[in-house]
Amino acid sequence: MGSAESVLAVIEAGGAHVPSLMDRLEARLAEAAASHGAVLAEHAGSTIAAGGKRLRPLLVFVAAGPTEPDAGLLRAAVAVELIHSATLVHDDVLDAAELRRGRPTVVATAGRAIATATGDLLFSRAFAELAANGRADELRVLSDASSALAEGELLQRADAWDLGVTRERYLARCDLKTARLFQAACELGALEGGGPAELLGRFGRRIGLAFQILDDVLDVSGPAERTGKHRGTDLLDGTVTLPLTIARERGLNALDLRAVRTAAAAEHLCDEIAATGALDAARAEALAMVAEAKADLPRLSDAQRAALELVADGVVDRYA
Ligand code: IPE
Ligand code: IPE
Ligand code: MG
Ligand code: MG
């Protein structure tokens, strides 16, 4: 989300029960991170304590609609954010990223072995959390999303440095690594709240795709003070994203990404990509996806629709 106000607006539209659920979420996340020894407590704890937008658990709550806030719904939201946290820790290993949420990453601080174990433990805590709901359908939703994430990360490595990667393949990668967890967040909320899980899942998947496009725009635009991540991280690890593809379509000279080796070189290429207008063009593609997702929302209460629409808008109207 772009700002604290937009989250507050969603919370307001989502119902009076949402703020207290978000508070309970924080407490449960902190407990989960502290529960399995000193190493997990330190590294998982610092990842979680560094904050983050908490967009996926918010989606779980909003997708559940005006339901009695119960322990099952809270567990679903906690599980989704724990999966997200696990993937961030692992993703920073794969992407050789140094900064996350404005702080040094686990891999930069403690090395690859500890980052791998921290991510593994966070994954495991997520499933333990959701298992307490005693619902095989919910576990399957989370497991499908987690498998997709792993596939997406591998696809990204497979396509690294390939400037010829097609839009279709790029979108398939974003779908796997990001959109499917947004889908899961909406499905879990709907399963807990008794709403149309499949249709809400489809909504989540579409806004998740738009979310990743925006993330790729922010990787180029920065600034790190806002995003909490270094600018040009994608370029340095060979990840070809929509802004770069559009910039090349607009005449940015063919280049060898492997020659981009320093932070300064990456920032320079970011400036060149931005100068082609590619960032606005990519943003426009994300906006169109969000508009379609909103237009296809199923019949819901006015308040729930308003809350989901606010979240959808926040996915593309953001600077962090
Ligand atoms: C970052 O997600 C990883 C992506 C899928 C792009 P967020 O931008 O939601 O990260 P936090 O939780 O707010 O730090
Ligand atoms: C999202 O892609 C990967 C995950 C699913 C965690 P990125 O690699 O672009 O995410 P950030 O920019 O590191 O947060
Ligand atoms: Mg990354
Ligand atoms: Mg990124």
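The values are calculated or read from the model by the stated rules, or taken from the named source; none is laboratory data. Keep in mind it's a predicted model, so treat the numbers as computed, not measured. Cβ coordinates were reconstructed from backbone atoms using ideal geometry, including for glycine residues, and neighbour counts include every protein chain displayed. Just so you know, the surface numbers come from the protein's heavy atoms only, side chains and all, with ligands and any DNA or RNA stripped out. Shrake-Rupley method; radii C 1.70, N 1.55, O 1.52, S 1.80 Å.
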(message) Rounded to whole Å, give me the distance from the Cα center of segment 90-153 to that of segment 223-287.
(response) 26
(request) Show which lysines lie in cross-link reach of residue 229 when reach means a straight Cα distance below 25 angstrom and same-chain residues fewer than eight apart are skipped. (result) 53, 177
(message) Just to be sure I understand: if I project the alpha-carbon convex hull of segment 254-296 onto a plane and average over all orientations, what area do I get in nm²?
(response) 4.1
(request) Could you tell me the largest-minus-smallest coordinate of the C-alpha atoms of segment 56-190 on each of the three principal axes, in descending order and whole angstroms? (result) 48, 36, 26
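Which whole-number percentage describes the relative contact order of the chain, with Cα contacts under 8 Å and a sequence gap of 6 or more?
Numbers: 512 pairs, mean separation 71.2, N = 320.
The value is 22 percent.
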(request) Roll a 1.4 Å probe over the protein heavy atoms and report the accessible area of residue 177 in Å², nearest 10. (result) 40
(request) Take the chain, drop everything but the C-alpha atoms, weight them equally and run the Debye formula without solvent; then report log10 I(q)/I(0) at 0.10, 0.12, 0.13, 0.14 Å⁻¹ to two decimals. (result) -0.54, -0.78, -0.92, -1.07
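By Kyte-Doolittle mean hydropathy of at least -0.5 and Cα axial length of at least 30 Å, which whole DSSP H helices of the chain are selected?
Details: long enough: 71-94 (34 Å, 1.08); 136-158 (33 Å, -0.03); 197-221 (35 Å, 0.50).
Within the chain the helices that satisfy the rule are 71-94, 136-158, 197-221.
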(message) Between residue 284 and residue 296, what is the label-point separation in nm under the 7 Å Cα-to-beta-carbon projection?
(response) 2.2
(request) Whenever you get a sec, compute what percent of the accessible area on segment 141-282 sits on carbon and sulfur atoms (1.4 Å probe). (result) 50
(message) Taking the full set of protein chains and a 1.4 angstrom probe, give the accessible area of residue 167 in square angstrom, rounded to the nearest 10.
(response) 70
(request) Using the heavy atoms of the protein chains and a 1.4 angstrom probe, tell me the accessible area per residue for segment 53-172 in square angstrom. (result) 39
